[in-house]
2 protein chains.
Amino acid sequence: MTKDLPSKKRGVHFNPDNVDTVVEAGANLLQAAIDAGVHINASCGGTGVCGTCKVLIEKGKVETTRTEKLSEEEYEQGVRQACQSRVISDLTVYIPVESRLEKAIISREEKVAPEALATGWRFNPPLSKFFVELPPPTLEDNISDLSRVLRNLKRQYHLNNMTVDFDVVKKLPQLLRDSHWKATVTTLVTAVKPRGAEKRRPRVINIEPGDTRGKYYSLAFDIGTTTVCGQLLDLNRGKAIAQGIDYNGQIKYGEDVITRIAYCQKPDGLKKLQQAVIATINGVINQLLAQTGVELKYIAHIVVAGNTTMLQLLLGLNPKYLRLAPYTPAANLIPPMKANSLGIKVAEQAYLFAFPLIASYVGGDIISGIVGSGVYQRKKLAFFVDIGTNGEIVVGNSDWMVTASCSAGPAFEGGGVKHGIIATTGAIEEFDINPSDLEPVIGTIGGEKPKGICGSGLINIAAGLLEAGVIGQNGKFNTNLPTKRIRQGSDGYEYVLARAPETQIGKDIVITEADIDNLIRTKAAMYAGCQTLTQSVEISCSDLEQVIIAGAFGRHINIENAITIGLFPDIPRDRFIFIGNGSLLGARLVSFSTDLLDDARRVAKMMTNFELSENVDFMNNYVAALFLPHTNTNEFPSISKKLGLPGSKLKRRITA
Amino acid sequence: MTKDLPSKKRGVHFNPDNVDTVVEAGANLLQAAIDAGVHINASCGGTGVCGTCKVLIEKGKVETTRTEKLSEEEYEQGVRQACQSRVISDLTVYIPVESRLEKAIISREEKVAPEALATGWRFNPPLSKFFVELPPPTLEDNISDLSRVLRNLKRQYHLNNMTVDFDVVKKLPQLLRDSHWKATVTTLVTAVKPRGAEKRRPRVINIEPGDTRGKYYSLAFDIGTTTVCGQLLDLNRGKAIAQGIDYNGQIKYGEDVITRIAYCQKPDGLKKLQQAVIATINGVINQLLAQTGVELKYIAHIVVAGNTTMLQLLLGLNPKYLRLAPYTPAANLIPPMKANSLGIKVAEQAYLFAFPLIASYVGGDIISGIVGSGVYQRKKLAFFVDIGTNGEIVVGNSDWMVTASCSAGPAFEGGGVKHGIIATTGAIEEFDINPSDLEPVIGTIGGEKPKGICGSGLINIAAGLLEAGVIGQNGKFNTNLPTKRIRQGSDGYEYVLARAPETQIGKDIVITEADIDNLIRTKAAMYAGCQTLTQSVEISCSDLEQVIIAGAFGRHINIENAITIGLFPDIPRDRFIFIGNGSLLGARLVSFSTDLLDDARRVAKMMTNFELSENVDFMNNYVAALFLPHTNTNEFPSISKKLGLPGSKLKRRITA
């Protein structure tokens, strides 16, 4: 192509995007990229001071003003600042991932407030790709094929002492010859960096013919007790390009972790549970591939977060001792392993990294959430709560962290609620009640006809019914009210939210007294957990400077209503921040940054775990919280005022 | 037991031998062990100066004179010199492997002269066993099961930063509880020690209930083109306790490596060859287990040496490019792998270490032989020759080494010889001929009726026939001689060694002109190889200070006869040393010493390989050697004299 150009025209080829453009000789390289639609970061707008637009000149010549942003080593390797370079000859330019990363997108797509996101990490994924062009062997240079690859990794990329997966060796001879000695090597950081060690020893996990740096993907998964959520990450862009979700296939063996642990003790029970969640994961992976057209073979890393039981079940580790005192998990740090050895349908080279666990009921999902939300990085005293089937909570900051798990039950994920469903189109989320005739006003996700109630809807409904006096502080219906919406159903009293013809399911959608009871137990466990942790460090809930709410359903929660029913402490509303699925957030960020991967291990060691199940303070706090919003109205001053409650303390106590 | 002893009696329990004895209070601990039949090394005879009798006092009290042989760290850990210790209380004493090693046996059993054995290595097998007694978990100390094990490994044995195989994690929870928190951890050094690193990061590959330190085994294998030979090693005793051998099952697909490489290009060819050798290995393992009663589950390491093609076939690496110029192997350093992933029937935890390769035709068997024989450690200029199906040769010393492979063919292993068999009972090995009537005098291995001719027998027969004038220097029969032993057979002229009724096979055993021709080509390739290598470094064969002969059949070779036919250079006979199967020797020693394992990698890097197949000097040397002993009588002065040859040089040359 370039040969036929007029004498003042120059051809520029951008890798790995594989984009060609033609510019005038002497053109600015950054501008050339912008004009060609090729993204190169340039925070300073092309003045040379930020150093974010570094590119590698693979072939050809540029004229460059060298600034102190380029190290001598970089300069020698052919790295240049695009904004400081003029095109002299035809060029082949490689844009490294740091210069392509759309950092802003990471947070934008998740709508996470920056004050609840980990900061200060470099984009340096554990998974890397390196393109090598090898000199073909001769009789004078007939070292082995593997030595030839390693020699170039050392020369081109200063990579030393690599470990090599045997599968790579196996395909090497044919692959190198078929690809004319041009190949892309995938490496993965699998081991913890030994203390004091300067360099890691990455593992060569794959080799592909030609230049495949443009196809550079990994997966992040949150394995919840109720739902499994996965994201396909494009590591060239530093963002999730697809998201998939499904119910955890283990639900048919039991809704909560206790039931599933019990099921494991049956013959083949563990195996069935493992296979069920693997099947779910495989289904989600299929969703992700279908959405994007990405080929499975280009996915080489899976980061998985989940609670301790979910991770042990996924890995086939019998969770029996998780529920027997003194509640010990099998391992805190899970060794990296080939994902397909578990039955996950990915290519042979893909490794699975499971987040470290802390204790029986405080798992990798919490570590992941804490890492993702950066609680461990800030001085600010935070309350972190992951509302899933279990309510896992952390109180702390960059100096210390205490954590605990409250057996919440799956009410927020649609479990244990008569018409409960996960947050999907048709789920009732908005709720209001006309105080005059007690008729409901409902809103559904997507505006479709209702088909059930999601977790945030449940809170809104309970708060609305409480404020309207349809239910009392004990959660029981006021059956004397003049409305047909309250009626005796098959499970006791219930309130009709939507009548059969207005629904997708062809029957009345109701909320029952049992549902509300379930919700009260759930919120009581969570609130009591928070109280117990804050008391343990001799502070109170009102001292919390930040409340970070994680959990798939969290994003749509109405804070005012959640405080009204006593789920969250009654503190200024602007201290609350939602981060959505924190476990998935952490899994994603760790996939982007080896720094954060190391942090995850550090956070796991930093946490002090409280076993609430045998804790007397917790039991007292729990019983006291079995009321809407609470038996101690002083704990909820603004709500007590709103509901017009007397200042009296209806404190019930139990003693051990 | 100990409670009922009279007040001056003390009970001593020796681990891992699990032997109890009773001694007087104040008795010398070394003497107590000797009396109880428990072996503890004591090179100095109990005077305290050698430090070889170190033991660990696990329970109880001794009174010790501390010498400088004990480091402060050892002393604090409870290590004492048995000879310097007096029994004070009842004791439990652990005898570490270094103090139990019967070093002398390593060489004695192999009948290898010490001047041709690697020296200066410590007994520190890559495979280690560590017994841990863990404090059971409590609510205050409920770290994960794995963390508990690693904590004790650190406290008891100063092991840090361990990598852990996932299979270990998997069985941990149940195993620890069933074994009452007493278990034995197996570790393996799999990675190359990074340059400058002080410590390695061993890998935890297994955990067993209770104290299994007494059951500590590995396997060493030599995979020859013709035969596969294995040894079961007792790492507690530092010796081979069983040896097994069988034909390589690949023989049915071709006798030499070239044929097998060609076979690999057929559909499923590689797979069939791999399965064939794996089946052979599995058979040999069964032999080893049957001989010793050792349980398979206690074998956790397999060290394999073999030529490049054999190793690539074993590992399933297509050897296609080994025989196409420029002759490159797939890899020099083979990553460690689980042995059962190849189909080798051993327990899940067992790893396979394959010796590093140098080039297409110079493989891990040579590295193994060089390491085992210590050629790389000495100043003495050595010629190392491994006589198998290929003749692989090395010339060098501790400063430099050159190596090459001569396509010898399988004549010495029974291949390509009409009645050739491997060295087994009934193989004709001794041969003499009555000069008056030309009748043979034969001797067989084991003294049984003959059933064939082994490699060493072939040499003796050819030398005898040459000296008696039955064959000429060109290897052709002198058909004018007055004996019926020389006759026309189905394959041309032949000499009858044994008549049918005297044999086990019921037919005449003969040596044919074709057999002798085969032998001449074999010995010519070997000798020309040696000449070419020595010429390349500008020395001659007579400068060699040591000739180390490796190869399964080598041990029984008659040096004088081998020189007579021109296989070995005509230098003083006392420079020749046999080491038997050098490849197996090296595999065994590496199993005993991580030092030697590192040396193997160093030796691989140190060797310079010569490709003889396209070397003009080699071709000239080869053609000149196609005569008995050689066309150049000056090369073989003593033989020329013995045979009464004229001094003339019958030198034939080809030019490129």
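The values are calculated or read from the model by the stated rules, or taken from the named source; none is laboratory data. Quantities reported herein were computed from a predicted structural model and do not represent experimental measurements. Here the Cβ is made from the backbone with ideal geometry for all residues, glycine too, and neighbour counts use every protein chain on show. Note: accessible area is taken over every heavy atom of the protein model, side chains too, but ligands, DNA and RNA are not part of it. Shrake-Rupley method; radii C 1.70, N 1.55, O 1.52, S 1.80 Å.
Summary of values
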item: Filter result (hydroxyl-bearing (S, T, Y) and open to solvent by 20 Å² or more (accessible area, probe 1.4 Å)) within segment B:574-614; result: B:T608, B:S613
item: Conditions (1) under 16 Å from B:G586 (Cβ atoms); (2) within 14 Å of chain A (Cβ to nearest Cβ); number of the one not met by B:V371; result: (2)
item: From the options A:I577, A:I565, A:I549, residue that is touching a helix residue (DSSP H, G or I) at 6+ places or on another chain (Cβ under 6 Å) and modelled with pLDDT under 95; result: A:I577
item: Qualifying residue in segment B:214-233 (condition: away from chain A (no Cβ under 14 Å), among the charged types (D, E, K, R) and in a loop (DSSP other than H, G, I, E, B)); result: yes
item: Some residue of segment B:374-391 being in contact with a Phe, Trp or Tyr (Cβ under 7 Å, 6 or more places away or on another chain) and among the small types (G, A, S); result: no
item: Selected residue (only one of B:N474, B:N518, B:N460 is over 24 Å from B:E413 (Cβ atoms) and among the polar types (S, T, N, Q)); result: B:N474
item: Residues that are within 8 Å of another protein chain (Cβ to nearest Cβ), among the β-branched types (V, I, T) and assigned to a helix (DSSP H, G or I), drawn from segment A:164-176; result: A:V169
item: A:P173 being closer than 26 Å to B:N332 by Cβ and touching a strand residue (DSSP E or B) at 6+ places or on another chain (Cβ under 7 Å); result: no
item: Residue that is modelled with the lowest pLDDT, among those in segment B:310-333 that are facing chain A (nearest Cβ under 7 Å) and in contact with a strand residue (DSSP E or B) (Cβ under 7 Å, 6 or more places away or on another chain); result: B:Y327
item: Residues that are buried (at least 20 other Cβ atoms within 10 Å of the Cβ) and in contact with a His (Cβ under 9 Å, 6 or more places away or on another chain), drawn from segment B:112-166; result: B:P125, B:P126, B:L127
item: Candidate set from segment A:430-488 (those that are closer than 21 Å to A:N558 by Cβ and hydroxyl-bearing (S, T, Y)); member that is modelled with the highest pLDDT; result: A:T444
item: Enumeration of residues in segment B:229-248 that are modelled with pLDDT under 90 and of a type in the set (D, E); result: B:D246
item: Strands (runs of 3 or more DSSP E) contained in segment A:442-533 and holding at least 1 residues open to solvent by 30 Å² or more (accessible area, probe 1.4 Å); result: A:486-489, A:492-498
item: Looking only at segment B:239-267, and only at residues there that are of a type in the set (D, E, K, R) and within 30 Å of B:Q291 (Cα to Cα), the one that is nearest to the chain's Cα centre (by Cα); result: B:K239
item: Top-ranked residue of segment A:403-437 - restricted to ones that are more than 25 Å from A:G492 (Cβ to Cβ) and in contact with a Phe, Trp or Tyr (Cβ under 6 Å, 6 or more places away or on another chain), ranked as least open to solvent (accessible area, probe 1.4 Å); result: A:A404
item: Only one of B:S71, B:S107, B:S99 that is farther than 21 Å from B:P16 by Cα, modelled with pLDDT under 75 and either under 21 Å from the mean Cα position of the chain (by Cα) or of a type outside the set (D, E, K, R) (or both); result: B:S107
item: Test: residue in segment A:605-613 that is assigned to a helix (DSSP H, G or I), within 14 Å of chain B (Cβ to nearest Cβ) and of a type in the set (S, T, Y); result: yes
item: Of the criteria (1) within 11 Å of another protein chain (Cβ to nearest Cβ); (2) within 24 Å of B:S405 (Cβ to Cβ); (3) in contact (Cβ under 8 Å) with a residue 40 or more places away in the chain, which one B:P336 fails; result: (2)
item: Matching residues in segment A:317-331 - criterion: being open to solvent by 10 Å² or more (accessible area, probe 1.4 Å) and either in a helix (DSSP H, G or I) or touching a helix residue (DSSP H, G or I) at 6+ places or on another chain (Cβ under 9 Å) (or both); result: A:N318, A:K320, A:Y321, A:R323, A:A325, A:Y327
item: Pairs with Cβ under 7 Å, 6+ apart, first in segment B:137-163 and more than 11 Å from chain A (Cβ to nearest Cβ), second of a type in the set (A, V, I, L, M) and in a loop (DSSP other than H, G, I, E, B); result: B:N152/B:L134; B:L153/B:L159; B:L153/B:M162
item: Matching entry among A:I393, A:I334, A:I370 (being outside any strand (DSSP E or B), buried (at least 24 other Cβ atoms within 10 Å of the Cβ) and within 17 Å of the chain's Cα centre (by Cα)); result: A:I370
item: Hits in segment A:177-194 (condition: at positive phi and within 13 Å of chain B (Cβ to nearest Cβ)); result: A:W181
item: Subset of segment B:44-65 [at pLDDT below 80 and in contact with a Gly (Cβ under 9 Å, 6 or more places away or on another chain)]; result: B:C44
item: Restricting segment A:534-573 to residues that are in a helix (DSSP H, G or I) and aliphatic (A, V, I, L, M), the residue that is most open to solvent (accessible area, probe 1.4 Å); result: A:I559
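Residues checked against (1) over 30 Å from the mean Cα position of the chain (by Cα); (2) modelled with pLDDT of 95 or more; (3) assigned to a loop (DSSP other than H, G, I, E, B); (4) among the acidic types (D, E):
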site: A:C83; (1), (2), (3), (4): yes, no, no, no
site: A:E115; (1), (2), (3), (4): no, no, no, yes
site: A:R122; (1), (2), (3), (4): no, no, yes, no
site: A:P136; (1), (2), (3), (4): yes, yes, yes, no
site: A:I143; (1), (2), (3), (4): yes, no, yes, no
site: A:N160; (1), (2), (3), (4): yes, no, yes, no
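Residue-wise test of (1) away from chain B (no Cβ under 14 Å); (2) under 21 Å from the mean Cα position of the chain (by Cα); (3) free of Cβ contacts under 8 Å to residues at least 12 places away in the same chain; (4) surrounded by 24 or more Cβ atoms within 10 Å (Cβ to Cβ).
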residue: A:Q275; (1), (2), (3), (4): yes, no, no, no
residue: A:A300; (1), (2), (3), (4): yes, yes, no, yes
residue: A:T308; (1), (2), (3), (4): no, yes, no, yes
residue: A:V346; (1), (2), (3), (4): yes, yes, no, no
